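S.K.: My questions all concern the structure below.
The values are calculated or read from the model by the stated rules, or taken from the named source; none is laboratory data. Keep in mind that what you see is a predicted model, and the values were worked out from it rather than measured. Here the Cβ positions follow ideal geometry from the backbone for every residue, glycine too, while neighbour counts run over all protein chains shown. Calculation scope for accessible area: heavy atoms of the full protein, side chains included, ligands and nucleic acids excluded. Shrake-Rupley method; radii C 1.70, N 1.55, O 1.52, S 1.80 Å.
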Amino acid sequence: MNYPVWDVPFIGSGLVVAIIAIIHLLISHLAIGGGAFIFVAELWSDRQKNGQQIRDWLHEYATYFLVYTTVFGAVTGVGIWFAIQLANPEGTSLLIHQFVFAWAIEWVMFLGELSILYLYYYGWQKNSRRMQLWLAGLYFVTAWGSLFVINGILTFMLTPGAWTLANTSILAGFFNPGFLPSLLIRTLVMFMVAGLFAIIVAARVTGDDNLKERLIGFSTKWLIPGALIIPFLLLWYWVTLPDSATDLIRGGVVGVEGGRLEIITRYFWLALVSGALIVVGALLIAIKPRVISMTGAIALFLIAQFGFLGAEFAREMARKPYVIYGVLYSNGLWKHNAVNENYMQRPYLETARWDPEVSLLSRSHGEWVFRLQCVGCHTRDGYRSIEDRTSDWDAQFAYRWLKTMHEQGVMPPFQGNREDRAALAAYLMSLHDREVAAADILATDTLARGVAEPVRDEASEAMEEQQ
Amino acid sequence: MIVVGALAMPLPDTLGYAAPVWVLQGLSYFTLSLHLLAMNFTIGACLLLIWTHFRNRAGHAGVKHFFGSSLPLGMSYVITLGVPPLLFVQVLYGQLFYSSSVLIGALWILVIPAVLIAYAAFYYHKLQREARPRYQWAVVAVATTLLLCVGYIYVNNLTLSMSPDKWLRIYEAHPGGGILHHGEPTVPSRYLLFLSGAFAAAGVALLWRGAFLFRWGYDTEANQSQKLGFRAFLLSPMLWIIAASWVYSSRPEDIKAMFVFDSTMVLLAVGVVSALVAIAFAYLSVGKRNLLFPLLSSLGIFGGMVCTVVFRDQVRLEYIKPYLDIASIPVNAQWGMLALFLMALVVALALLVVLMVKVLPKIAEGARERLEKTIAAGRT
Ligand code: HEM
């Protein structure tokens with residue numbers, strides 16, 4: 001436990017990250033796809049008879065695009081960084097130290113992208129046609145370059161591939177198995193998002209000539225490549241995922257009651273259904289471009305937002321219990337320590353670094369174990385609430401469950417000895433106003449197992465089995 | 001916990017530094033100075049915009065308009081130029097920076113909505129000020145307040161990151177991070193120090209503007225702009241002197257000892273000389289179409305900024321000496337990646353320069369035409 005855990009009441013640190021990330025994902029894809037859209041639309045306008053009219057419309061597109069992507073996109077991008085640094089300092093530190101210069105290159109791309117966008121936008125009346133085309137093209141190249149870089153780092157987290165702590169080759173980590181399918185999916189998705197955004201701006205167009213129809217026709221075409229190819233890319237991406245992750249998506253999470261917590265599956269379906277709805281919606285719009293209103297177009301865009309929500313949550317769940325798959329657990333426990341029995345059996349608070357002085361088996365003991373080990377993923381009474389999840393538990397059950405909690409496949413193994421487990425179990429009970437003394441839990445357990453062998457813990461057996 | 005009063009200092013990242021420390025520091029110093037320059041400009045522009053709104057003298061309308069148009073851009077570069085220092089501070093001092101950020105977590109994350117709202121407000125102001133002129137000053141004032149809060153949170157975080165001895169106590173009392181670095185005597189003075197450049201940065205922008213206005217033949221407007229710019233500029237050295245002596249007197253004795261006959265004295269001297277150069281050329285800029293003087297004045301401000309930033313880092317190293325020796329952290333240099341980054345940077349900057357040389361004159365031409373229209377409409 002190298003870093004303090006940010007204990008956010010009710011929402012939980014994970015949800016803070018998720019909220020910012022979901023907003024950012026849609027906008028950042030728009031920021032890149034929109035670059036391609038503007039470039040191609042500039043070219044297209046040259047071949048149309050009312051080219052100037054189209055370019056005026058394109059300027060309107062660019063205005064919304066500029067404000068939306070530079071304000072909301074840039075700030076939420078920095079926001080993700082702030083949030084992951086709070087929610088998971090250890091993991092963020094690894095990503096930063098391993099990929100410093102990749103991040104730095106990403107920033108160069110971003111600086112270029114932003115400055116070029118300003119030159120394009122503020123120069124639109126005076127620049128030559130050639131210059132505007134150059135700027136739009138260069139904008140897209142730098143923006144896509146930033147995607148290329150960030151994509152390597154993001155996919156690394158779920159599929160680190162040949163990268164290990166012993167082989168910290170940046171190439172192995174960056175060009176990991178998920179890199180290519182993810183890059184292609186994102187590229188096609190961002191064309192779709194650019195098209196959807198254009199439909200909104202085009203829906204505002206009025207007038208008797210067929211400008212609106214033509215703009216809508218042009219915009220909907222941006223969804224075709226994605227609709228046709230993404231399903232195949234998803235299959236490819238699927239096979240690169242770690243087995244346990246695909247199991248999770250197929251089967252959901254098996255809970256204590258034997259019931260299935262199929263959240264991950266639901267998120268996955270949410271993404272797929274949103275995608276399908278968007279394709280159907282765009283098809284209808286393409287057939288009857290006149291009828292589409294602003295509201296309808298915005299609704300379609302919001303469906304895309306739901307699609308990103310589903311995809312983001314599904315990916316987050318697929319990575320559970322890790323932040324860097326197979327290397328670092330979400331609560332700051334390293335995999336190589338997790339398989340080290342001695343490490344795992346030590347009195348937890350002796351090694352935890354960030355706990356204050358507490359007396360053994362007190363409520364604070366349990367609370368600090370909870371804070372430092374569980375709060376990274378759970379809250380007490382809000383998001384992924386522990387109160388809900390333990391409402392019909394009794395102390396002995398909690399005490400035993402903690403030993404094998406990692407077998408669910410979404411949680412890291414418990415760190416600490418019997419006292420730590422008892423203290424945590426008592427703390428969990430206290431959340432339901434059931435005051436159980438941790439010492440009693442230990443005593444009952446010792447009785448049940450026979451006084452002869454209290455020292456050897458079943459948890460260590462479980463650990464051995466794992467190895 | 002068994003050990004009483006233990007220090008909660010995280011271990012450094014096992015991956016070590018990806019480049020020698022001086023490379024990382026150099027990159028951090030350079031980019032952070034640019035960040036602070038943009039930040040000071042933006043805050044100074046806000047304050048001067050509000051001030052001109054209420055003074056409402058001849059020539060003020062143009063100045064107000066100018067600042068209103070530049071705020072979104074200024075904000076954009078505050079953020080963009082803040083990113084690389086954010087990267088390098090995590091590389092160099094991750095253990096300190098992550099810890100202190102979590103300790104003030106709830107307030108730290110509020111930086112994001114605050115920046116978002118302020119930035120959006122600047123665009124709202126710029127795009128709506130003509131259509132809905134009422135209360136536009138209030139929109140800017142709200143944004144300014146938010147930015148001032150953001151800066152304050154920054155100073156709290158960074159001073160806290162240098163005080164590991166306080167961490168555990170703070171964390172125990174506020175695990176959600178809902179508290180700032182209370183009771184730290186250097187916070188207010190340090191805050192003032194980092195914002196003292198605001199008037200110089202915004203003032204020098206008015207000197208630039210004036211020089212262009214002279215070139216375009218608007219002598220009255222140009223003179224007003226430059227006079228106001230220079231007078232605003234002078235506030236900065238005054239604030240700086242107050243802040244610097246306050247910072248000095250609020251520092252612990254062992255840190256004060258650093259100031260005596262040390263390489264830090266050289267830094268201080270260079271900083272003061274840069275500032276004097278900036279002031280001198282600002283003075284020379286007034287009433288002239290010459291672009292070299294505002295340029296030299298701007299470089300002087302930047303030089304002063306760099307000295308402040310380097311000095312600030314030396315103080316940080318002095319503070320954390322008992323807890324962390326960065327020389328002991330292994331360097332696993334990624335030379336190839338560093339080279340790739342530098343190449344990308346050079347190519348990107350070269351490209352931007354070429355594009356700007358071609359496009360900026362056109363944008364200026366557009367601005368001039370709009371100005372002509374405004375003047376014709378009798379609004380200036
Ligand atoms: C918009 C309002 C902002 C204001 C007023 C502001 C102000 C400041 C101030 C006053 C400092 C110096 C703090 C000290 O040393 O005590 C600072 C440092 C810093 N700022 Fe900003 N900032 C702003 C936005 C940002 C953003 C959006 C970022 C990130 C993208 C950022 C990144 C940084 C970093 C990383 C440092 C410290 C680097 C180091 O210690 O090496 N700032 N800022």
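S.K.: Name the residue from B:M337, B:I326, B:A367 whose Cα lies farthest towards the positive end of the charge dipole of the stretch B:315-380, charges +1 on Cβ of Lys and Arg and -1 on Cβ of Asp and Glu.
M.R.: Checking the options against the dipole of the stretch B:315-380, the answer is B:A367.
S.K.: In terms of the Cα gyration tensor, with a ≥ b ≥ c the square roots of its eigenvalues, is the protein assembly as shown rounded because a/c is under 1.5, prolate because a/b exceeds b/c, or oblate?
M.R.: Cα axes put the protein assembly as shown in the oblate bin.
S.K.: Given contacts defined as C-alpha pairs under 8 Å and at least six residues apart, what's the relative contact order of chain B, whole-number percent? Write out the running numbers ahead of the final one.
M.R.: Working: 458 pairs, mean separation 83.8, N = 380.
Relative contact order, chain B: 22 percent.
S.K.: Note down the nm distance, to one decimal, between modelled labels 7 Å out along Cα→Cβ at B:V347 and at A:A448.
M.R.: It is 6.4 nm.
S.K.: Could I have the simple spin-label model distance between B:T220 and A:R346, label points 7 Å from Cα toward Cβ, reported in nm to one decimal?
M.R.: Each label point is offset 7 Å from its Cα along the Cβ direction, giving 7.8 nm.
S.K.: Taking the Cα centre as origin and putting +1 on Lys and Arg beta-carbons and -1 on Asp and Glu beta-carbons, what dipole magnitude results for the protein assembly as shown, to the nearest 20 debye?
M.R.: 4260 debye
S.K.: At 1.4 Å probe size, with every protein chain present, just tell me what the per residue accessible area of the stretch A:12-329 comes to in Å².
M.R.: Values: 11870 Å² over 318 residues.
Ligands and nucleic acids excluded, the result is 37 Å² per residue.
S.K.: Okay, next question. Starting from the coordinates of the alpha-carbon atoms of the stretch A:365-429, obtain the Kirkwood hydrodynamic radius over all distinct pairs and give the value in Å to one decimal.
M.R.: For the stretch A:365-429, inverting the mean 1/r across all distinct Cα pairs yields 11.8 Å.
S.K.: Quick one: length gained pulling B:D262 to B:C149 fully straight, 0.36 nm per residue minus the C-alpha distance? Write down the numbers at each step before the final one.
M.R.: Details: separation 113, 0.36 × 113 = 40.68 nm, distance 3.44 nm.
My answer for the length gained is 37.2 nm.
S.K.: A further question on this structure: Express the C-alpha Rg of the stretch B:72-205 as a ratio against the empirical globular expectation 2.2 N^0.38 Å, rounded to two decimals.
M.R.: The reported ratio for this selection is 1.19.
S.K.: Determine, from the Cβ-Cβ distance of A:V239 and B:N332 and an R0 of 30 Å, the FRET efficiency 1/(1 + (r/R0)^6), rounded to the nearest 0.05.
M.R.: Efficiency computed from Cβ-Cβ geometry: 0.35.
S.K.: Continuing with the same structure: How about the stretch B:163-186: which of its residues lose at least 50 Å² of accessible area in the presence of all protein chains relative to their chain isolated, using a 1.4 Å probe?
M.R.: Residues passing the criterion (a loss of at least 50 Å², heavy atoms only) are B:Y171, B:E172, B:P175.
S.K.: Rolling a 1.4 angstrom probe over the protein heavy atoms, how many square angstrom per residue are accessible across the stretch B:2-325?
M.R.: So the stretch B:2-325 comes to 40 Å² accessible per residue, rounded to a whole number.
S.K.: Taking R0 as 45 Å, what FRET efficiency do you get between A:F232 and B:Q314 from their Cβ-Cβ distance, rounded to the nearest 0.05? Intermediate values should be presented prior to the final figure.
M.R.: Values: r = 57 Å, r/R0 = 1.26.
Result of the calculation: an efficiency of 0.20.
S.K.: Where the accessible area of the protein assembly as shown is counted over protein heavy atoms with a 1.4 Å probe, how much of it, in %, is carbon and sulfur?
M.R.: 67 percent
S.K.: Restricting to DSSP H runs of at least four residues, report the calculated mean residue ellipticity at 222 nm for chain A, -39500 (n - 2.57) per run over all residues, nearest 500 deg cm²/dmol.
M.R.: Computed ellipticity for chain A at 222 nm equals -22000 deg cm²/dmol.
S.K.: Using 0.36 nm times the number of residues separating A:W269 and A:L180, minus their current alpha carbon distance, what extension gain do you get?
M.R.: Full extension from A:W269 to A:L180 adds 29.8 nm.
S.K.: Ratio of alpha-carbon Rg to the 2.2 N^0.38 Å globular estimate for chain A, to two decimals, please.
M.R.: Compared with the compact-globule rule of thumb, chain A sits at 1.15.
S.K.: Let me ask something else about it. Chain B: Rg/Rh from Cα coordinates, Kirkwood Rh?
M.R.: Result for chain B is an Rg/Rh of 0.99.
S.K.: Given R₀ = 45 Å, what would the calculated FRET efficiency be for B:M238 paired with A:T63, taking r from the Cβ atoms and rounding to 0.05? Show your work: numbers first, answer last.
M.R.: Details: r = 41 Å, r/R0 = 0.92.
Efficiency, rounded to the nearest 0.05: 0.65.
S.K.: Would you work out the charge dipole size for the stretch A:12-329 about its Cα centre, treating the Cβ of every Lys and Arg as +1 and the Cβ of every Asp and Glu as -1, and quote it to the nearest 20 debye?
M.R.: Magnitude of the dipole: close to 700 debye.
S.K.: Threshold 50 Å², probe 1.4 Å: give the residues of the stretch A:45-89, in number order, that are less accessible with all protein chains present than with their chain alone.
M.R.: Residues meeting the cut-off: A:V71, A:V75, A:W81, A:F82, A:Q85, A:L86.
S.K.: Pop out the ³J(HN,Hα) list for the stretch B:269-285 in order, Karplus 6.51 cos²θ - 1.76 cosθ + 1.60 with θ = phi - 60°, rounded to Hz; leave Gly and Pro as x.
M.R.: The phi angles translate into 4, 4, x, 5, 4, 4, 5, 5, 4, 4, 5, 4, 6, 5, 4, 5, 5 Hz.
S.K.: Averaged per residue, what accessible surface does the stretch A:335-466 expose to a 1.4 Å probe, in Å²? Working shown, then result.
M.R.: Numbers: 5820 Å² over 132 residues.
Ligands and nucleic acids excluded, the figure is 44 Å² per residue.
S.K.: Take every Cα pair under 8 Å in the stretch A:335-466 that's 6+ residues apart, average their separations, divide by the length, and report that relative contact order as a whole percent.
M.R.: Relative CO of the stretch A:335-466 lands at 31 percent.
S.K.: Here is a follow-up. For the pair B:A339 and A:Q396, how long in nm is the line joining their label points, each one 7 Å along Cα→Cβ?
M.R.: Calculated label separation equals 6.8 nm.
S.K.: Tell me what chain B gives for mean residue ellipticity at 222 nm when only DSSP H runs of n ≥ 4 count, each as -39,500 (n - 2.57), the sum divided by the residue total, rounded to 500 deg cm²/dmol.
M.R.: Taking each H run of at least 4 residues, the total per residue is -27500 deg cm²/dmol.
S.K.: Rounded if a/c is under 1.5, else prolate if a/b is larger than b/c, else oblate: which is the stretch A:335-466, with a ≥ b ≥ c the root eigenvalues of its Cα gyration tensor? Intermediate values should be presented prior to the final figure.
M.R.: Values: a/c = 1.32, a/b = 1.11, b/c = 1.19.
The shape class here is rounded.
S.K.: Show me you know the interface measure: the accessible area buried between B and A, both chains summed, probe 1.4 Å, in Å² to the nearest 100.
M.R.: For chain B against chain A, roughly 6700 Å² becomes buried.
S.K.: Please find, in a Gaussian network model of chain B (springs between Cα atoms separated by less than 10 Å), the residue of B:L86, B:L32, B:L228 whose mean-square fluctuation is greatest.
M.R.: Greatest mean-square fluctuation among the candidates belongs to B:L86.
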